[in-house]
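Throughout, read-outs are computed from the coordinates displayed, never taken from laboratory work. The model shown is predicted, which means the values in this text are computed figures rather than measured ones. We place every Cβ from the backbone using ideal geometry, glycine too, and count neighbours over all the protein chains shown.
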Number of protein chains: 4
Amino acid sequence: MTAKKKIGILGASGYTGADAVRLLARHPNAEIAALTANTHAGKAMQEVFPHFFMLDLPRLTEWEKVDWTKLDAVLCGLPHGTTQEIIAAVIASNPSIKILDMSADFRLRDMDVYANWYGHEHRAAKLQAEAVYGLTEFYRKQIAAARLIACPGCYPTAVLLALVPLARAKLIDVDDLVIDAKSGVTGSGRGLKQNTLFSEAGEGLSAYAVGSHRHSPEIEQEIGVAAGSSVTVNFTPHLIPMSRGELCTSYVKLKSCSADDLRQALANAYRDEPFVHVAKKGVVPQTQNVRGSNYVQIGVFADRIKNRAIVISVLDNLVKGSAGQAIQNMNLMLGFPETTGLEQLALFP
Amino acid sequence: MTAKKKIGILGASGYTGADAVRLLARHPNAEIAALTANTHAGKAMQEVFPHFFMLDLPRLTEWEKVDWTKLDAVLCGLPHGTTQEIIAAVIASNPSIKILDMSADFRLRDMDVYANWYGHEHRAAKLQAEAVYGLTEFYRKQIAAARLIACPGCYPTAVLLALVPLARAKLIDVDDLVIDAKSGVTGSGRGLKQNTLFSEAGEGLSAYAVGSHRHSPEIEQEIGVAAGSSVTVNFTPHLIPMSRGELCTSYVKLKSCSADDLRQALANAYRDEPFVHVAKKGVVPQTQNVRGSNYVQIGVFADRIKNRAIVISVLDNLVKGSAGQAIQNMNLMLGFPETTGLEQLALFP
Amino acid sequence: MTAKKKIGILGASGYTGADAVRLLARHPNAEIAALTANTHAGKAMQEVFPHFFMLDLPRLTEWEKVDWTKLDAVLCGLPHGTTQEIIAAVIASNPSIKILDMSADFRLRDMDVYANWYGHEHRAAKLQAEAVYGLTEFYRKQIAAARLIACPGCYPTAVLLALVPLARAKLIDVDDLVIDAKSGVTGSGRGLKQNTLFSEAGEGLSAYAVGSHRHSPEIEQEIGVAAGSSVTVNFTPHLIPMSRGELCTSYVKLKSCSADDLRQALANAYRDEPFVHVAKKGVVPQTQNVRGSNYVQIGVFADRIKNRAIVISVLDNLVKGSAGQAIQNMNLMLGFPETTGLEQLALFP
Amino acid sequence: MTAKKKIGILGASGYTGADAVRLLARHPNAEIAALTANTHAGKAMQEVFPHFFMLDLPRLTEWEKVDWTKLDAVLCGLPHGTTQEIIAAVIASNPSIKILDMSADFRLRDMDVYANWYGHEHRAAKLQAEAVYGLTEFYRKQIAAARLIACPGCYPTAVLLALVPLARAKLIDVDDLVIDAKSGVTGSGRGLKQNTLFSEAGEGLSAYAVGSHRHSPEIEQEIGVAAGSSVTVNFTPHLIPMSRGELCTSYVKLKSCSADDLRQALANAYRDEPFVHVAKKGVVPQTQNVRGSNYVQIGVFADRIKNRAIVISVLDNLVKGSAGQAIQNMNLMLGFPETTGLEQLALFP
């Protein structure tokens, strides 16, 4: 048996941090060696997340106090903005550490686009240049060889897995994409906001960030890469009264092909993928099918409007949409089988 | 004080029937004089809906046993298909009774479209000819003068209130409409189905009836009327883990105008409407705002894609989407102020 | 038609304040004349509660800026502690104003008990002496004649309506009361707390404040009055993943009588009460039956243990448990029929 | 690597059957070799539970068509009543097969008590004699040596783990036990019932089977064994609007000891147990902490009433309350480490 690799988690008091702990605690080749959460420094992890009562975990600490030279990899679940400088400091302290950033800080390759959407200049431009976009299924080789992975956002993961193979194959018109996205409330994080209180978000539904959600440029960047052209998409997210899960309904215009052709193209693209499954004709993906798991399910449907189709993709925003995909990438970077620690099935009901 | 009008409810053991009881029981000019539910005939209404424990209501009876000549109006919450023949029989028994049909049976004017979507010839073709489509805001005069009202479906009400004024004014391209609809679980009725069990529908989300929902032809009929042309729309409904509420996100292509123009056109159209409100720029409609009420809220948003906009409309599927709108129409037909008994505010939280 | 009475609401940005607005806005004899919320002063009420989009309401203001001499009554939904001094100031400014306090500040008659449970001396001892405990069904006469009403807590309302008639009639042993209480999340208010986030409170269940909930002394005070002795009860609340509603399961020891005797005693006690209903034998109360309404439902069940019974009571914590009961009392104080504006039925489903 | 044991599941179309599949599909020593569901025979498991889309599973078949001689063990998730005869037939066909019955059919040792609660004579009296009650923590040795295990009900598991050590140690008065139990909706199974529809069970709460729940005799049997006397308990279950999870609040009378003594006694009893954890003083168990996992959390609290205490226990009704405990027992019977395949952590949020 090989020694376990030592993993740290930056921002362990948030939901993505906690889901990383959930998965890593049962990962056969990983040891959780450091947990940071500056506002909760000094506390036991169980004070912050009591569902870990049965685990023996390191205490939460300030990130500045971690000895990064002792770690093999770090998953970063910090809010965007501060992440850039902290990751730069971590790498300065241990240049061979593997970084899995689950924030948005290194996802946009174009610095101007970043500045435009985030309202400030990028604070680690040099690192940005080496960051690999961590959508495992499309960047597997680059990820395995990289030091810094910008794990995709939850929505982009769901949308890009559904659309990139279609854009690459020129089966759809990338200038006419309407993406109606729906997410559970964990997508808003653990911060205290009035609209995510149970009594506000429960038994109701609304759109949010209409026309202005920061996952738009990330989707456009990668569909643009796939299509070989600059792309603008409609992306409209909605807040759903459930905790986990995400469903994206993408309305596409066909280029001389049928909905069945789209389904076949996706099935071919994901034939050997362990986590991405294309549903048979007539099977409707639902978030219940992937809750708590790293799996993605995609379905394709003919539209009643001629030359249009509907592509529906579902995932768990905290797993394949965040911590699970980060660990999938970590496995590649550390030389473990890609599925290690990630084959847990959906919790249904 | 005028004598109260005597109202019957056909199909009182379903959710729309129950919501009609909830509203009529406190309607100052109405008396609930008959409740039918053939499978529960003989029971007290409270055995079927225990939340009416404080009311004195007629017992549930078979519809054949009601003396229709004693009634002024009847609301019909039966499943589609059987409704046509029962309503024909009721009218035969009392030709001056007012009928508010909440089923789909008289909504489609084109008999071939009906047969095509419902799989059988219409069984009351003559009555269909006199039926008025009960979307109050657009057919007010005809409703006031009619005997038989085909109250619109919940989704069509939400969609048509959002889009008809825009189609009429030729502000949008009616051949490029993508309508992503989301509904609470009561939209599926009270029948026992596995997918509406709490443990199945809770904490999850899926599309359903993709490309085949029977509200499509109804939407197309009325947008066609507004636009003066035959129309095919994309209409894709989703099942949301909440009981009440419906939100329709309509993606529209603009015809030489802006999102602000759309909002202004809607505001003008509904300036004097008691139940339809157009949200100010930047205000996002949410189903929480209309839960349990007869109100509709509509918001308009610019899309990031040039020449496109997003129109969001919300309502309570059992109130303005069904029983409330039926009573609104009933008020018109019986000569009461249109808002009588319907001004209850949303129950939030 | 008599002129409407002018009503103010202190603390209108909380849930009890909002529910008071919901009810008063449709109250035929009331006009909402002032809304205070110091942290939101200057905003439209609709910015704080968008579901009031269809109402014309006064702007939120600081309580110090209200001209109390213009008002006939005020409902107070402020947090406990600060309420005492503000109410004292309001009364100083307008000694004939009617005060309906929905906070806990004037509920405990014993100053020492207050200080013990709330950690500070009472700040308006003189007013406390004139305050009437606002459980309408038991203090109707005193309420009608009073100036300052301490409306009961939501749990005490549910528990006392179930147990006081039994304690008065000496049918139960008041020294052996186990009260297992369950409440929806609105019971925790609108303040931002981690445990009331949707993702934390949803799909789960816990007890809270075990052995230390501040509604205990209030329950003990009133059961003590009914029994004519000092009483200590077990009161254990639980947080339920729903927004509204409260169910209290009271386990009682019988004194030479049967469960049927208890039911009969309660039925006799509430025979003429408009809002309190005793369920027939075998009918199980559920919070769904009272959601959004001012009604209370009580059921009595034999225990398998000899000489024990179970009394179950349900109400909506924001209505009969707070704003509804306040308005019920207000009606008494202002000379309106007690049920005015409160007969809305439960919203089910 | 040893060959995997072949496991069958009787009644695989129910929730307990599905959770057994979820766990066994990732169990390193188990192979799912047969799935039965007579009403769905011939279907793929994925047609019945689409969340297994990524698994290769045997088709559902009639139980009569399974070759039981090829199987090492079978988990039985059939409804009570029919189970007795089917298990008798399975054992007749393969006398050395290990049976893990998750139904109630073999839990009650006293045939008269069984007949009294279930309304018919036991149909496999001889097998009942050899059945071992499968509460792993108390019957570990007998389970390892047995052929037929009657796995406990979900409620009894939660209650007995909380109370048996206290009853054994004579720390509590077993003649004064009030157990207020709360369960998620999956506890009612997957059958179609009106009260478990989303729109009925959601946003509400009720007691059920007050004084008559069939888990009562099971609890009384085992507390009786622990106390060495015949026992009658109050057991009152409530239906909570969540899918999974169970919380039992047990109100106990102390025998010359304190709440701290109870906690210590439980901590001692479970010191070496992998799945049962006693919370530190002040930590409140919540079902969120165990959702989807085989863990149990127990907390003890002093009551305000002298000489009384409150014991709160939580578990996931489908895991430790059913399929998980069955697999825990199966591991013992087949010689695997007891925790194999069961260490998945709670899914929170």
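What shape does chain D take by its C-alpha gyration tensor, where a ≥ b ≥ c are the square roots of the eigenvalues and a/c under 1.5 counts as rounded, a/b above b/c as prolate, and the rest as oblate?
Numbers: a/c = 1.59, a/b = 1.50, b/c = 1.06.
Since a/c reaches 1.5 and a/b is larger than b/c, the shape of chain D is classed as prolate.
Quick one: if you take sqrt(5λ) for each eigenvalue of the C-alpha gyration tensor of the stretch A:155-317, what semi-axes come out, biggest first, whole angstrom?
They are 27, 18, 14 Å, listed from largest to smallest.
Among D:80, C:213, rank each residue by its count of other Cβ atoms within 10 Å, from fewest to most, as a rough exposure measure.
Numbers: D:80 14, C:213 20.
So the residues, fewest neighbours to most, are D:80, C:213.
Grab the other residues whose beta carbon is less than 15 angstrom from that of residue D:96, score K and R as +1, D and E as -1, and report the net. All intermediate terms of the calculation are to be shown ahead of the outcome.
Details: positive: D:5, D:6, D:70, D:98, D:147; negative: D:67, D:72, D:130.
Residues near residue D:96 contribute +2 overall.
If you find the alpha carbon centre of the stretch A:62-121 and of the stretch D:101-126, how far apart are they in angstrom?
Centre-to-centre (Cα) distance: 62 Å.
At residue A:228, with labels set 7 Å past Cα in the Cβ direction, how many nm apart are the copies from this one, shortest first?
4.5, 8.7, 9.6
If one computes the Cα centroid of the stretch C:280-331 and of the stretch D:7-54, what distance in Å separates the two points?
Cα centroid to Cα centroid, the span is 43 Å.
³J(HN,Hα) across the stretch A:288-303 via Karplus (A = 6.51, B = -1.76, C = 1.60, θ = phi - 60°), whole Hz, x for Gly/Pro?
4, 6, 10, 4, x, 10, 8, 7, 10, 10, 10, x, 10, 9, 5, 8
Under the Karplus relation 6.51 cos²θ - 1.76 cosθ + 1.60, θ = phi - 60°, what is the ordered set of whole-Hz ³J(HN,Hα) values for the stretch C:199-213, x standing for Gly and Pro?
For the stretch C:199-213, the Karplus curve yields 6, 9, 7, x, 6, x, 7, 8, 7, 8, 6, 4, x, 9, 6 Hz.
Counting Lys +1, Arg +1, Asp -1, Glu -1, what net charge surrounds residue A:288 among other residues with beta carbon under 11 Å of its beta carbon?
Working: positive: A:244, A:291; negative: A:316, B:200, B:203.
With Lys, Arg at +1 and Asp, Glu at -1, the neighbours total -1.
For residue C:126, go through the aspartates and glutamates and keep the ones whose alpha-carbon is under 17 Å away, minus same-chain ones fewer than eight residues off.
The reachable aspartates and glutamates, counting only those whose Cα sits under 17 Å from residue C:126, are C:85, C:101, C:105, C:110, C:112.
Please give, to one decimal in nm, the separation of the simple spin-label points placed at residue B:129 and residue D:194, each 7 Å out from Cα toward the Cβ.
With each label point 7 Å from Cα toward Cβ, the separation is 4.1 nm.
Which residue fluctuates the most in chain C, going by a Gaussian network model with Cα springs under 10 Å, if the choices are C:314, C:300, C:284?
C:284
Ordered shortest first, which distances in nm separate the 7 Å Cα→C-beta label point of residue B:337 from those of the other copies?
1.8, 7.3, 7.5
With Cβ to Cβ distances under 10 Å as the rule, what net charge do the other residues near residue D:72 carry (K, R +1; D, E -1)?
Values: positive: D:4, D:5, D:6, D:70, D:98; negative: D:31.
So the surrounding residues net to +4.
Can you list residues whose amide H is under 5 Å from residue A:197's amide H, if they're 5+ apart or on another chain and H is modeled 1.01 Å from N?
When sequence neighbours closer than 5 places are left aside, the close amide H contacts are C:198.
Can you give the average number of partner chain beta-carbon atoms within 10 Å of each beta-carbon in peptide A:48-61, as a whole number? Kindly include the intermediate steps, with their values, before the conclusion.
Numbers: counts 1, 5, 11, 15, 4, 11, 12, 1, 0, 0, 0, 0, 0, 0.
Mean inter-chain Cβ contacts per residue within 10 Å come to 4.
What does the C-alpha gyration tensor say about the overall shape of the protein assembly as shown? Classify as rounded when a/c is under 1.5, otherwise prolate if a/b is larger than b/c, or oblate.
Details: a/c = 1.30, a/b = 1.03, b/c = 1.26.
Because its axes are fairly even, with a/c under 1.5, the protein assembly as shown counts as rounded.
Relative contact order for chain A: what percent, with Cα pairs under 8 Å and sequence separation of 6 or more?
Working: 768 pairs, mean separation 59.1, N = 349.
Relative CO of chain A lands at 17 percent.
Which trypsin sites (Lys or Arg not before Pro) in the stretch C:1-77 pass both tests, a DSSP loop state and at most 16 other beta-carbon atoms within 10 Å?
Values: sites: C:4, C:5, C:6, C:22, C:26, C:43, C:59, C:65, C:70; in loops: C:4, C:26, C:43, C:59.
Those satisfying the criteria are C:4, C:26, C:43, C:59.
As a footprinting exposure proxy, order C:168, D:271 by other Cβ within 10 Å, with the fewest listed first.
On the way: C:168 16, D:271 9.
Final ranking by Cβ density, sparse to dense: D:271, C:168.
Tell me which residues come under 5 Å, amide H to amide H, from residue A:172 once H is placed; ignore anything under 5 positions away on its chain.
A:255
Once you sort the root eigenvalues of the Cα gyration tensor of the stretch A:118-234 as a ≥ b ≥ c, which label holds: rounded (a/c under 1.5), prolate (a/b larger than b/c) or oblate (the other case)?
It comes out oblate by the Cα gyration axes.
For chain B, what does -39500 (n - 2.57) per DSSP helix run (n ≥ 4), summed and divided by total residues, give at 222 nm, in deg cm²/dmol to the nearest 500?
On the way: 11 runs with 103 residues, N = 349.
Value at 222 nm, helices only: -8500 deg cm²/dmol.
Once phi is turned into θ = phi - 60°, what whole-Hz ³J(HN,Hα) does the Karplus curve with 6.51, -1.76 and 1.60 give for every residue of the stretch D:229-234, x standing for Gly and Pro?
Rounded to whole hertz, the list is 7, 6, 9, 10, 10, 8.
Nearest beta-carbon of B to the rotation axis carrying it onto A: which residue, how many whole Å?
Spelled out, residue of B and its Cβ distance from the axis onto A: B:180, 2.
How long, wide and thick is the stretch C:1-73, going by the Cα atoms along their three principal axes, in whole angstroms, largest first?
Its Cα atoms span 36, 27, 19 Å along the three principal axes.
Report the full-extension gain for the segment residue D:39 to residue D:89: residue separation times 0.36 nm, less the Cα-Cα distance, to one decimal in nm.
Values: separation 50, 0.36 × 50 = 18.00 nm, distance 1.90 nm.
In short, 16.1 nm is gained.
With 21 Å as the limit, write out which pairs from B:193/C:182; A:4/D:5; B:182/D:193; B:193/D:43; A:170/B:253 have Cα-Cα distances beyond it, or answer none. Don't skip to the end; give the middle numbers.
On the way: B:193/C:182 29 Å; A:4/D:5 29 Å; B:182/D:193 25 Å; B:193/D:43 19 Å; A:170/B:253 23 Å.
Going by Cα-Cα distance, B:193/C:182; A:4/D:5; B:182/D:193; A:170/B:253 fall outside the 21 Å limit.
From Cα pairs below 8 angstrom and at least 6 apart in sequence, can you work out the relative contact order of the stretch C:155-317, rounded to a whole percent? Don't skip to the end; give the middle numbers.
On the way: 351 pairs, mean separation 48.5, N = 163.
Normalised by residue count, the contact order of the stretch C:155-317 is 30 percent.
Please report the relative contact order for the stretch A:5-130, taking Cα pairs under 8 Å with a sequence separation of at least 6, and give it as a percent rounded to a whole number.
Working: 204 pairs, mean separation 30.0, N = 126.
24 percent.
Note the distances from residue D:47 to each other copy's matching label point, with points 7 Å along the Cα-to-beta-carbon direction, in nm, sorted shortest first.
Distances between equivalent label points, in nm: 3.8, 5.5, 5.9.
Starting from the stretch C:99-158, pick out the GluC sites (Glu not before Pro) whose DSSP state is loop and whose Cβ has at most 14 other Cβ atoms within 10 Å.
Details: sites: C:121, C:130, C:137; in loops: C:121.
Loop-located and lightly packed - C:121.
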